[in-house]
1. Looking only at segment 243-257, decide whether some residue is in a helix (DSSP H, G or I), of a type in the set (A, V, I, L, M) and in contact (Cβ under 8 Å) with a residue 60 or more places away in the chain.
2. Take Asp256 and decide whether it is at pLDDT 95 or above and not assigned by the TED database to the domain that holds Asp213.
3. Select from segment 183-211 the residues that are of a type in the set (Val, Ile, Thr) and within 20 Å of Pro230 (Cβ to Cβ) and write down the one among them that is modelled with the highest pLDDT.
4. Show the residue pairs meeting these rules: Cβ distance below 8 Å; 6+ apart or different chains; first residue within segment 394-415 and over 9 Å from Arg368 (Cβ atoms); second residue crowded, with 20+ Cβ neighbours inside 10 Å and of a type in the set (S, T, N, Q).
5. Those residues that are at positive phi and open to solvent by 30 Å² or more (accessible area, probe 1.4 Å), I need them from segment 120-169; list them, please.
6. What number of residues in segment 181-217 are in a loop (DSSP other than H, G, I, E, B) and either within 16 Å of Ala123 (Cα to Cα) or not assigned by the TED database to the domain that holds Leu115 (or both)?
7. Scan segment 238-251 and give yes if some residue there is under 20 Å from Leu32 (Cβ atoms) and β-branched (Val, Ile, Thr), otherwise no.
8. Which of (1) of a type in the set (S, T, N, Q); (2) over 26 Å from the mean Cα position of the chain (by Cα); (3) within 22 Å of Ser152 (Cα to Cα) does Ser331 not meet, given it meets every other one?
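The values are calculated or read from the model by the stated rules, or taken from the named source; none is laboratory data. In this text the structure is predicted, and so the values were computed from the model without any measurement. Reconstructed Cβ throughout: ideal geometry from the backbone, glycine too, with neighbour counts over all protein chains shown. Accessible surface areas use protein heavy atoms only, side chains included; no ligands, DNA or RNA. Shrake-Rupley method; radii C 1.70, N 1.55, O 1.52, S 1.80 Å.
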Amino acid sequence: MTSANGATSPGGTASVRQAVADAHRREWASVLAATVRVTRDLDLAEECVQDAYAEALDSWTRQGIPSRPGAWLITAARHNALDTLRRASTLQSKLHLLVEPVAPSPAVPDDRLRLVFLCCHPALAIEAQVALTLRLVCGVTTQDIAKAFLVSEPTMAARITRAKKKIAMAGIPFRMPSPNELPDRLDAALNTIHLLFTTGHTAPAGAVLTRNDLAEQALDLARMLRGLLPDEREVRGLLALLLATHARRATRTAPDGRLLLLEEQDRSAWDRQAIAEAHDLILGALRGPGPGRFALQAAIAALHATAPTWDDTDWDQILVLYDELLKAWPSPVVALNRAVAVAMVSGPAAGLAEIEILERDRRLTGYRYLPAIKADLLRRLDRKADAAAAYEQAIALADNEAERAFLTGRLAEMTGPESCE
């Protein structure tokens, strides 16, 4: 039943908690962006939004879940903000994000993208830009952001705090950058959206493999960015990469939650419309000299997505693309993924040699996929004791339960009775 104002009848605590959790996943960015417009202060806005979610638990239990939870939360957060500002000794101390008259900027249909560009101001370091956007725009926990950046949670919390203070001290306004300012912020925005998608595609921690809400937020932002900058090749590349990767979302786990490797997935269940859209975007992104990192990553993802079977995967072409990607983006994570392609083209021993180089480099220390990939290559070489040691190391680093279960199963294969000679 619903009331005259559209709210459902008062319900149990469990259903209300679920509704609040759902609203946090879907509405956080919109509620925060609307509140920043009132406070012009990121810390105050975040505090008022958190209070609004806390109030929702009590109010929705007594009065029912509203038909438009996002609108309810925006109203509550704005009310909290106005109350705080009225109590402040001077309003001027809360105006350091004041929207100032500026040159005309492109129209943007969603405040979330304004928040992205606010957080991606060039006054901030790249790592701080991405971390702040994940925290404020996407509501990702500081713990999960720390895992994505391979740093401790206190280190990441301090980094986010410093970034917010710098925005306040610099008086950075909450508005879209003008056309001549966009190039300085575009790369950080692309990196942020990509990392958001990665955090959703494989959750750093928790009981499920994926956070589709985060992945779909990233897709929404990528589409908005393409509408803003339709001719930017790397914007096309990013959207193509997300589409080609997200097309497999329904097949990455079995009905019982077990992780399925790419070769095990039902390709007939992949989203062919998304793959076709990605293909069209890639053609434009690769056209011209020097394709960027997202265009090259999208091309790799598309080769996986369009192969009729696992055995038909064009690993030679994938390795060529990884070689180009490593030139455009000399990242140890790219080198790790390239090692997998090397193993598929030249055998697991060749791939293992690449892994050992990365281990000596030490930049991927603490990155769970390094020992996991090493373990798989050792397994394929029938070096069971060494593979077991690497699987144990990977399990110690994995906080996602689906990944831990998969790795534990592989470890059992290496140490069980059937593994004995």
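1. Filtering segment 243-257 for residues in a helix (DSSP H, G or I) gives 243-246, 249-251.
After this cut, where a residue has to be of a type in the set (A, V, I, L, M) as well, the list is 243-244, 250.
Imposing the further condition that a residue be in contact (Cβ under 8 Å) with a residue 60 or more places away in the chain reduces the set to 244.
Yes - at least one qualifying residue is present in segment 243-257.
2. On the way: at pLDDT 95 or above: no; not assigned by the TED database to the domain that holds Asp213: yes.
Answer is no for this residue.
3. Checking each candidate, the answer is Ile193.
4. Nothing qualifies.
5. Result: Leu150, single match.
6. The total comes to 1.
7. Filtering segment 238-251 down to residues under 20 Å from Leu32 (Cβ atoms) leaves none.
No, the conditions are met nowhere in segment 238-251.
8. Of the numbered conditions (1) of a type in the set (S, T, N, Q); (2) over 26 Å from the mean Cα position of the chain (by Cα); (3) within 22 Å of Ser152 (Cα to Cα), the odd one out for Ser331 is (2).
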